Amino acid sequence: MPNKFTKSTATFGTLPVFMTAISTILGAILFLRFGWAVGNVGFIGVIGIIILGHMITIPTAMAVAEIATNQKVLGGGAYYIISRSFGLNIGAAIGITLYLSQAISVAFYIIAFAEAFDPVIQWVANDFGWLIYDKRAITIPAMCILSGLFLWRGANMGMKILYIVVGTLAVSLFMFFIGSPADAPQDIVLDATVENPKSFFYVFTIIFPAFTGLAAGLGLSGELKNPKRSIPRGTIWATVAGLVVYLLAAYKFTVSASPEDLDSNQLIMSNIAIWGPIIPIGLAAASLSSALGSIMVAPRTLQAIGMDDVFPQRGFNKWLKKENRKTTEPLNASVISILIAFVFIMIGDVNFVAQIISMFFMVTYGAICLISFLEHFAADPSYRPTFRSRWYLSLMGALLSFWIMFQMNMAYAIVSLLIMGMIYYGINVSNKENRGLAKLFRGVVFQLSRYLQIFAQRAEKVDREVSWRPFAICISKDTFKRRSAFDLLRWISYKYGFGTYIHYLEGFLNEKTNEESKSVMKRLINLASGSRNRVFLDTIISPSMTSAIAQVMQLSGISGHGYNSILFEYSRIEPDQLNYVIDNYNLIESTQFDVCILNTSYKGFGYHKEIHIWIGSSDYENANLMILLAYIIQGHPDWKKGLIKIFAMYPEKDLEEEQDKLLSLIRSGQLPISSSNIELIGIDHTDKKKEIMNKSMDADLTILGFNREDIDRDKLDMFTGFDDMGNILFVSSYKKIKIK
């Protein structure tokens, strides 16, 4: 079945795209307002407007060429390109505003068409005494005739007229450039302007629609035999040709008339051209061709939106799809476009309509450039355009578009964005489809993450004695029984560190265990979604805990660095679970990891108010790590009211020296605790340690140190005997770290 956007009568090549675009670029603005622009901002100012405008349109033309050569561009032009790259919801929000600007453009060009009749109106008034006060007497009948011809004969009629129009346009511009008025100024001042000139950005707003011709060519995408070839060539050729003509025209106006004449006479080109009457004829031809281009493009955009079933009313979408059987034109979409054009024709103000058109086109161009920029960094394998733009050009086009919107008219810019936001919200409520946008941004995030990891890995590694932070990994098979280990890891990795939590599945890797791991992964993500966490989640399948530990300790961390800490956990009522750590301690120690073992109790982490640290004489290497971990945990919002207390147990003879060390750290601001929260305890017999530690019975987390000698001497007894205490974190540092 053929694609619903494809038409069997698609016969146009590159030339119609070029002519539609160039006739819009070299249209009504050039004849009616460009001389006025030179008079208000001077030659240098208008060159700035041309350059600034083309700093948006050229990147947009290149972005369009790039996107068009990546995928089959069908009916709907710019809307089709945006929606297929940004997703239907975003694409529809932009597409509807784009459609409105195209439909309003019809009115703009018909109003400009009426301005070409100024000499005729004056002649009729002088010779016959008939004075036409309101040019709507011309615009309304002209719009009626144009609408009737379009609905009757379709785009093919428009193309035939377009050839005649472009020829007339070329002749009129040629006569303008070779003209040499007798009253041309003798002294040429490049920055000369009228008194009290209009502001630069106001003039830019009125002139910018002249540079939007590339969108007119895009609208014919459904009628083209080979859009991938015709769209890039037609739009880029027209954009470059328009740039050259406008630069030459700016100079011609400057050397041929004074700023006052340029400002006061909108048909000043008639005074400059070698044969004056050709200018109104060229204006009429250019306005008519631009109106034809817009009236061909706008209905196709609206029809494409309807074909995507964007509107919540299915009947309305179906109604928009209806075509004229004879001409295959979008019949009902054309009727709506014509009615919108009539509304703005009744307003009749060229400058007002130009500002609206500029604003909507600026939004569209900014979106197209933004798509191209993001696609460069998403590195999607399906994005393989044969023509490549440059990411910095697309970024420039996007930034300039949104910046200039607010420079032109802040109120209009805010209203335009609000309208687009409301359209998007309405479509999003009725249509949950979000394809394209999420995929695009995921790709960008993945690539950014990849670059950062590689950078971090290649960067000079700082010795952890100088600057230490936790790169922690936790492995547990009891994730869904106890969540204390996950909570501890998310506190550690919230601000200062990086954490990876791995759920262990015992067994061999096969189809069954692989499916089980996927199911467990979904449960893990669901578990983590309800908490403030920045923990990376994963699963591992291995026949034994020993092999699982060996595997996870070789993994590369998500930060780009390897891990430096490993966290185990066990339940206080099942201390035998810790045997796998004791049995594999040689393996763990050989990797030079800091080891943390969480002993979970029925009290859990209580009310997250008090963290007690017990430092003994054997904790020379552990003490600083224990203090740093307490500080890092306290940085999580769950512990925002938390308090750190340090209990230092030393032989009586060393108490004074150790007290001085701790107080020195506090005074220098390196320990985030009060001196009143440090208690020194003199001990004579180490076998009384656990009895003394009962002072922390009401603590929400207690941190104790241990080392290899403790493991060898006490085995499991090292981690038992704390029955009435809350959760306990045992810490063993590979080497002493510095607290800066």
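The values are calculated or read from the model by the stated rules, or taken from the named source; none is laboratory data. Just so you know, these numbers come straight off a predicted model, no measurement behind them. Neighbour counts run over all protein chains shown; Cβ positions are idealised from the backbone, glycine included. Just so you know, the surface numbers come from the protein's heavy atoms only, side chains and all, with ligands and any DNA or RNA stripped out. Shrake-Rupley method; radii C 1.70, N 1.55, O 1.52, S 1.80 Å.
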Would you check if residue 339 is assigned to a helix (DSSP H, G or I) and out of contact with any helix residue (DSSP H, G or I) (no Cβ under 7 Å at 6 or more places or on another chain)?
yes
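Is it the case, given these coordinates, that residue 262 is aliphatic (A, V, I, L, M), assigned to a helix (DSSP H, G or I) and at pLDDT below 85?
Details: aliphatic (A, V, I, L, M): yes; assigned to a helix (DSSP H, G or I): yes; at pLDDT below 85: no.
So residue 262 fails the test.
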Tell me whether the range 73-80 contains one or more residues that are open to solvent by less than 10 Å² (accessible area, probe 1.4 Å) and modelled with pLDDT of 85 or more.
no
The listed residue being polar (S, T, N, Q) and more than 44 Å from the chain's Cα centre (by Cα), out of 565, 617:
617
For a quick check of your reading of the model, give me the residue pairs whose first member lies in the range 485-496 and is touching a residue at least 60 places away in the same chain (Cβ under 8 Å) and within 12 Å of residue 639 (Cα to Cα), whose second is part of a helix (DSSP H, G or I) and of a type in the set (Val, Ile, Thr), with beta-carbon atoms closer than 8 Å and at least 6 apart or on different chains.
488/633; 491/632; 491/633; 492/632; 492/633
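Just to be sure before I move on: is residue 315 assigned to a loop (DSSP other than H, G, I, E, B), surrounded by fewer than 21 Cβ atoms within 10 Å (Cβ to Cβ) and small (Gly, Ala, Ser) in the structure I sent? Before the answer, list the steps.
Values: assigned to a loop (DSSP other than H, G, I, E, B): no; surrounded by fewer than 21 Cβ atoms within 10 Å (Cβ to Cβ): yes; small (Gly, Ala, Ser): yes.
So residue 315 fails the test.
Taking the range 720-739 on its own, how many of its residues are open to solvent by 30 Å² or more (accessible area, probe 1.4 Å) and of a type outside the set (Phe, Trp, Tyr)? Spell out how you get there, then give the answer.
Start the filter on the range 720-739 by keeping residues that are open to solvent by 30 Å² or more (accessible area, probe 1.4 Å), which leaves 720-721, 723-724, 734-736, 738.
Pick out the ones that are also of a type outside the set (Phe, Trp, Tyr) and you get 720-721, 723-724, 735-736, 738.
So the answer is 7.
Report yes if some residue within the range 244-258 is closer than 25 Å to residue 42 by Cα, free of Cβ contacts under 8 Å to residues at least 12 places away in the same chain, open to solvent by 30 Å² or more (accessible area, probe 1.4 Å) and not hydroxyl-bearing (Ser, Thr, Tyr); otherwise report no.
To start, the set of residues in the range 244-258 that are closer than 25 Å to residue 42 by Cα comprises 244-258.
With free of Cβ contacts under 8 Å to residues at least 12 places away in the same chain added as a condition, the list becomes 244.
The next check asks that each one be open to solvent by 30 Å² or more (accessible area, probe 1.4 Å); those that pass are 244.
The next check asks that each one be not hydroxyl-bearing (Ser, Thr, Tyr); those that pass are 244.
Checked the range 244-258: at least one residue is closer than 25 Å to residue 42 by Cα, free of Cβ contacts under 8 Å to residues at least 12 places away in the same chain, open to solvent by 30 Å² or more (accessible area, probe 1.4 Å) and not hydroxyl-bearing (Ser, Thr, Tyr).
From the list 349, 263, 308, which one is under 30 Å from residue 202 (Cα atoms), under 39 Å from the mean Cα position of the chain (by Cα) and of a type in the set (D, E, K, R)? Steps first, answer last, please.
Values: 263 fails: under 39 Å from the mean Cα position of the chain (by Cα); 308 fails: under 30 Å from residue 202 (Cα atoms).
Answer to the check: 349.
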Based on this model, can you work out whether residue 525 counts as without any contact (Cβ under 8 Å) to a residue 60 or more places away in the chain and among the β-branched types (Val, Ile, Thr)?
yes
Would you mind stating whether residue 666 is at pLDDT 85 or above, under 26 Å from residue 491 (Cβ atoms) and outside any loop (DSSP other than H, G, I, E, B)?
no
In the set 632, 644, 597, 611, which member is under 26 Å from residue 535 (Cβ atoms), assigned to a helix (DSSP H, G or I) and open to solvent by less than 30 Å² (accessible area, probe 1.4 Å)?
632
Per the filter on the range 346-366, residues of a type in the set (Phe, Trp, Tyr) and touching a Phe, Trp or Tyr at 6+ places or on another chain (Cβ under 8 Å) are 361
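For the range 520-536, enumerate the residues that are surrounded by 11 or more Cβ atoms within 10 Å (Cβ to Cβ) and either at pLDDT 85 or above or part of a helix (DSSP H, G or I) (or both). Don't jump to the end; show me each part of the working.
Step one: filter the range 520-536 for residues surrounded by 11 or more Cβ atoms within 10 Å (Cβ to Cβ), giving 520-521, 523-524, 527-528, 531-536.
Matches in the range 520-536: 520, 521, 523, 524, 527, 528, 535, 536.
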